[in-house]
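Below is one structure, written out as structure tokens; the observations come after it.
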Amino acid sequence: MAQLRAEEWLSAVPPPYPLQSPQVNGQNGVTNGDNNLEGKELYGKVLEVYCISLLPRNEEWDFAKEFIQLSAYLSPQKKQVLPLLMIAHEELPQ
């Protein structure tokens, strides 16, 4: 249920510009979503929960790893850390 809700939210809310986009630095006033820092942080947190907690809970490890690596909305640092957090989360007692 939680995975479905997160997927519905991620598909319904226009994401902020990818990190590599010049719009991130405010060089272009046109946005495809919330371009403020708070909106980016919220979107990033939902992506993190989706990848670290929800997908692995449903045994979708490979999809979660691929999703992380292909996401234009996660920084290179997050792309390195999130798979490690997934492993740590898997090892926690349920």
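Nothing in this text is a laboratory measurement; each read-out follows from the coordinates by a stated rule. Here the structure is a predicted model, which means the values were calculated and not measured. A quick note on method: Cβ atoms are made from the backbone with ideal geometry, for glycine too, and the neighbour counts reach across all protein chains shown.
Overview of values
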{"quantity": "Point-to-point label distance, L4-L42, nm (Cα→Cβ direction, 7 Å offset)", "calculated": "2.4 nm"}
{"quantity": "Exposure proxy order (Cβ contacts within 10 Å, fewest to most) of R57, R5", "calculated": "R5, R57"}
{"quantity": "Counted charge near F67, where neighbours are those whose Cβ lies closer than 13 Å (Asp, Glu -1; Lys, Arg +1)", "calculated": "-2"}
{"quantity": "Length released on extending from I87 to V49, taking residue separation times 0.36 nm less the Cα-Cα span", "calculated": "12.3 nm"}
{"quantity": "Sparsely packed GluC sites (Glu not before Pro) within the stretch 44-94, loop by DSSP, other Cβ within 10 Å at most 16", "calculated": "E59, E60"}
